[in-house]
Structure formats: C-alpha cells, structure tokens
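*Asks:* Quick one: the structure is below, questions incoming.
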C-alpha cells in the first residue's frame, strides 16, 4: 500500500465518531497535562493508560498519542502566564512569553504559539507520512541489524540526554537492568524475581514510569512550601498583522529545526525549542530586545517543540525505536494492546498505523480550535492550588498503578520507583534513558541472543552485516566524539539538561 | 554536595556488584550461545565501570557553584516522608479496608493533613477521588477495585 492509499485508509479509521471522540479527549487531557505544572507528558500519558483498557487498540493509541502532542500545546500557557513551564520543552517560552504577558500581550503570545504549534505539528505529521516507505528498508533487518540499531538508539539517547554522558549511560543501563527482571526472553527461566509471582512478567513499566516521573516529581515539589499561583490577565487574544509577519520565518525555521531534531532518538523537545530560540536571537535584527517580550522568541521555539513531538513518532513507526520517554510510554501502550510498533505494524495492522497518523492531522486542528477560544478555561485550571493538585495527582497514580494488574504490588512498585526517581533527580541522573531502555531492553536482549544463536556464539556475525557495522560505527562516533559541542544543539543540551520528561 | 554524589556512585558500584553476583547464579553460556546470566552480568560490569568513572570525575573536578543542598528543610522532609508512608499504607490496607474507604482516608490526609485545604473542598475532592473513581472504574472500565473484607464496612457496601 502506498502512502497516499494508506493515509486514505487512516482517515477512514480516524474519522469514525468514536475515534474522533477519543482524539478530542486525548487533546483535552494532553492540554491539561501540559497546563498543570508538576505533571509532565510521560507521567501524564502513563497515568491515563488505564482509561484505555476497555478501548479497541486503535482508539487507545489515538487517545494516548493526542495526549503527548496536546501537552506540547498546553505547556505554553503556563510559561506565558505564570513564568512556570507546564512541561520542559516550553521552558524557553518563559523568557519572552512571560515578558509579553507583563506587557499586556499574553493573548498574542498564546495565539502565535498555538498557530506555530499547528504549523509545526501538521508539517511534522506530513513528514511521518513521507517516512512511511522507510519501513520497506527496515523490513530487511534481522536480529543482527536490530542489535546495531538498538545500540545506536541507546548511545544517541545517552549522548544527548542530560548534561553528563556518563550519568545518561548509567540511567540507560539501569533501565536495561530493570528489563532483565522476569522470564528471560530466550529460555523462559526466571531472573531477579525473588520468588514473587508478580515479577515473572517483568516489572510493570507503567508503575515504573509513574513512579520515576510522577511520584518523583511530587516528592521533589514537596521539598518546598506550596505557594499560590499568580496569573497575568488575558488581554487581546488575536495577534496583530505585524505579529503574524514577524512570526512567519521563525515558524518556518522552527518547523524545519524541530522536525530534524525530532528524528534523532534521544534528542529532547527542549533541545529543539532552546536551539530555535538561539537561532532566532542570532538571526534577529534586534537581538538585544530578546528577553523583553519579542514575539519571535515565542513563535520559533513553540513551533519547534511541536514539530519535534510529531517527528519523534517517525523512528517509532518506521524502526520500532522510541525517540523519547513519552514515545516509549506510547510504545508500551502499543505492546499492551498486542501490537509491535515498527515496520511490521504497517504490514500487519495498516488500519492502526495509518489510523493513528491520520488522527494526528485531525488532532492538530482540534488543538488549534481548543487553544485559541478556550484559553480562558485553561487559565482557570491554573488557579487550582498545588496543595489540591498534588493530592489529585497522587490519587490518580495510585488508581493507575493498581488498575494495570489489579494488584497492590504495583502501587508499591510505583512508590519504590518514585523514591528512586526523586534520588536520581537529586544527583542529576536523567530519567528518560532509563525509561527508553526499560522498554527496549528485552527486545535488545532477545535479538542479541538470537543473533548469537544463529552464529553458535560467534560474535563475528556482527562483522558480516554491513548495515550493523555502519550502525555500530555511528554509535561509537556518538560515544567518542565530543564534536557535537560544535553544533548549535550542544548549547541547547546544557539548557535542556533537566528535561527528563520528553 | 560532592561527597553526596561520591557516596551515590559508591552505592551504585555495590549495586552493580550485586547484579553481577546474582547474574552469576544463572547460566552464563549454553550450547546455543549466551544464557540467561550473560546479559545482566555485562550490564553489571558496565554499570560498575561507569559509576567508577563518575567517582573519579568527582575526585578530579569537585562540583562547583552554589549547588543545591541534598537534604531539604525539616518541613520538606516531613512532607516527603508523609507522602511515602501514606502511599505505602494505602497499598497495605486497600484489600482489607476496601478501595473507597482507604482512598477517602488517604485523600483526607493529603488534603487536610499536608495541604491545609478548606474542609468543604477537601470533602468534595475526597469523595470524588474515592467513591467517584470506584464507581467510574468498576462500572465503565471493568477494573474490579477491592471491596472491604471488614464486616460492617462490607455490609455498608464498601
């Protein structure tokens, strides 16, 4: 099936009343996740997985995907109005967006961010459609090539997450270790289960993610007194003609940049938005005004993070490699529904793959409509004090963890990983690599052992595959070459090092 | 602050050695190739090496600048411990007391005990997040939350 035929099939799936409803619900919940500080997209998506248990696979994935890209829209609102990013990739928007709010131009900032996000998001989805034929290439991959691909994915994730590669690699290996708990993927013998029946199927990834990101965040916030949130008044929602003119090129540059960086596994949404900000400042005729409420400082980064969020689905759909923690959560949701993301998804379940892609077009339109007129309603949610919000988040996390297997064991697992996540934050170990490798670990081990079984234990099999050698070579390059420091996004890495969520 | 990070790296080294030891209990190699112990063993090795590198990095270049304190304020520690213990107790008592009752008590504790939230608001949120969620999940999402095994609570339908 060609891409156009696939997309038509996708729209026929996505436009059913049921799937439209779930896309809308996902957009609303995603915007809310983005709006509410203290609940990032990874924890937010994991938290809402239990709501999809009774849904058909396509509807479930459509809703969860919408939560992710919806959160990118929502994060802007808090950045502009209260100078607190709802999620990490909107942090840079605080610089000029908040100043615009102080100058009485909050409405224009939010509107231009919504328009930019729509353009970036929609073009990102078009890229996903264009990339679909890549799956034909990926179908040639055997266990040897998959090991190479996963090693490259892991090194990219570790090389680009956080400020220290050593710590990011430690986080990645921690995730791989967690992935070894349970029945071993080749022989089925139990490992690290300590006679606990609940661990035979492995550690529940939903509990781990909710613990690391959700409970860990609540514990971190509990260190400080919870202060009431002060918001600026919304005035003048529509941007002026000059605003639109000034934002035109930043939106186009943000789209290209976010899309390109979103393709790279491990590159965070904050890297895209911060790099976009740096580029806009460098290209501006009045760089000295950046930081005083310049609309280009909002348009570029907000476009970039949405293009990034949509492009991040490309490695997942074409190769089965999640590019970020939130996409890894989505990959877990695919697997819970008996679907394996990657080239075979287009072959075996084209309705699901294309249905989800088509729903993203629709979702981006929904978000544009939701964000502009309903911004006043989102602001109301900001007035919920954190002392109330944290309790509601905790209740949903307890419910979410229990619902996975109807077991209190998962509540304790979540709690344990909440403490681990809190401690990892304290010593600056990024969380995202651990989540990615927790999902990928069993697949990686399975393919590694299958490859070595094919060669009867001879590691030389990896040298015989040119594709695998190229992938290993690239992985080595990422590990040893500090040359990335010369690229513009290396600066963004130091800004966005704390982005553990995306 | 540097000392805290060094202690963390040493704890991770100990953990890695434990992983290697545990992996050693499983078959390392079979006639077909790697066994169940192969992958975790090497993960333990890599983790130990990385932790050692981190330790050495800290020795060579101690953390600079105004690093945040590792331990929060006394009030912060109390709040953190209260959240941890309360979630643990929810898990411990959920199957005996029942989902609705334990969640109601949990929410009262979080909202009034920690959040100092207005009692009326607390009551509304606590009822929604306990009995409301029970109703939603059992009726519409097919998640059978535990009911109380305590006589009088069970008779009341909790």
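*Asks:* How do the peptides B:39-52, B:130-143, A:63-76, A:313-326 rank, highest first, by the average count of neighbouring beta carbon atoms within 10 Å per residue?
*Replies:* Highest to lowest by the protection proxy: A:63-76, A:313-326, B:39-52, B:130-143.
*Asks:* Sticking with this one: How many angstrom lie between the Cα centre of segment B:4-59 and the Cα centre of segment A:157-214?
*Replies:* With segment B:4-59 and segment A:157-214 each reduced to a Cα centre, they are spaced 14 Å.
*Asks:* Once you average over the residues of A:406-417, how many Cβ atoms of partner chains fall within 10 Å of each Cβ?
*Replies:* Neighbouring Cβ atoms belonging to other protein chains average 3 per residue here.
*Asks:* A follow-up question, please. Please arrange B:74, A:191 by how many other C-beta atoms lie within 10 Å of their C-beta, fewest to most.
*Replies:* B:74, A:191
*Asks:* When you count, for each residue, the other Cβ atoms within 10 Å and take the mean per peptide, how do A:447-459, A:269-281, A:414-426 rank with the highest first?
*Replies:* A:269-281, A:414-426, A:447-459
*Asks:* Also: Over the whole of A:251-264, what's the average partner chain Cβ count within 10 Å per residue? Rounded to a whole number, please.
*Replies:* 0
*Asks:* Test of understanding: ordering A:94, A:27 by Cβ neighbours within 10 Å, fewest first, what list do you get?
*Replies:* A:94, A:27
*Asks:* Something else now. Looking at the P(r) of segment A:358-434, how many percent of alpha-carbon pairs lie beyond 20 Å?
*Replies:* The calculated P(r) of segment A:358-434 puts 61 percent of pairs beyond 20 Å.
*Asks:* Going by how many other Cβ atoms sit within 10 Å of their own, how do A:289, B:61 line up, fewest first?
*Replies:* By the 10 Å Cβ count, ascending, the order reads B:61, A:289.
*Asks:* Continuing with the same structure: Along each principal axis of its Cα atoms, how long is segment A:85-191 end to end? Whole angstroms, biggest number first, please.
*Replies:* Here the spans come out as 64, 35, 23 Å, largest first.
*Asks:* Among A:402-410, A:239-247, how do they line up by average Cβ neighbours within 10 Å per residue, starting with the highest?
*Replies:* A:402-410, A:239-247
*Asks:* For peptide A:44-52, what's the mean number of Cβ atoms from other chains within 10 Å of each residue's Cβ?
*Replies:* Shielding by partners across A:44-52 averages 1.
*Asks:* Now for a separate question. Taking all pairs of different Cα atoms in chain B, averaging 1/r and flipping that mean, what Kirkwood radius in angstroms comes out?
*Replies:* Answer for chain B: a Kirkwood hydrodynamic radius of 20.4 Å.
*Asks:* Follow-up. If you average the alpha carbon positions of segment A:437-481 and of segment B:105-150, how far apart do those two centres end up, in angstrom?
*Replies:* 49 Å
*Asks:* If you average the sequence gap of Cα pairs under 8 Å that are 6 or more apart and divide by the length of chain A, what percent do you get for the contact order?
*Replies:* Computed over chain A, the figure is 30 percent.
*Asks:* Hey, what did chain B get for relative contact order, percent, Cα under 8 Å, at least 6 apart?
*Replies:* For chain B, the relative contact order is 19 percent.
*Asks:* Still on this structure, please answer the following. Cα axis of helix B:99-108 to longest principal axis of chain B: angle in degrees, 0 to 90, nearest 10?
*Replies:* Here the helix axis deviates by roughly 80 degrees.
*Asks:* Separate question: Can you give me the relative contact order of segment B:2-60 as a percent, contacts being Cα pairs under 8 Å and 6 or more apart?
*Replies:* Answer for segment B:2-60 is 43 percent.
*Asks:* So what does the Cα-only Debye profile of segment B:74-155 read at q = 0.16, 0.25 Å⁻¹, as log10 I(q)/I(0), no solvent term?
*Replies:* The Cα Debye sum returns log10 ratios of -0.66, -1.18.
*Asks:* With only alpha-carbon pairs counted, each pair once and no self-pairs, how large is the Kirkwood hydrodynamic radius of segment B:2-60 in angstroms?
*Replies:* For segment B:2-60, inverting the mean 1/r across all distinct Cα pairs yields 12.1 Å.
*Asks:* Here's a follow-up. Kindly express, to the nearest 10 degrees and within the range 0 to 90, the angle between helix A:57-82's C-alpha long axis and the longest C-alpha principal axis of chain A.
*Replies:* 40 degrees
*Asks:* Next question. For segment A:372-402 and segment A:303-366, what is the separation of their Cα centres, given in Å?
*Replies:* 26 Å
*Asks:* Given the -39500 (n - 2.57) contribution per DSSP H run of 4+ residues, what per-residue ellipticity at 222 nm results for chain A, rounded to the nearest 500 deg cm²/dmol?
*Replies:* -21500 deg cm²/dmol
*Asks:* Also, quick follow-up: Write down the radius of gyration of the protein assembly as shown and its Dmax, each obtained from C-alpha positions, in Å.
*Replies:* Cα only, the protein assembly as shown: 24.2, 76 Å (Rg, Dmax).
*Asks:* Angle between the Cα long axis of helix A:350-371 and the longest principal axis of chain A, 0 to 90 degrees, nearest 10?
*Replies:* 20 degrees
Each value in this text was obtained by applying a stated rule to the coordinates, not by laboratory testing. Source: prediction; values computed, not measured. We place every Cβ from the backbone using ideal geometry, glycine too, and count neighbours over all the protein chains shown.
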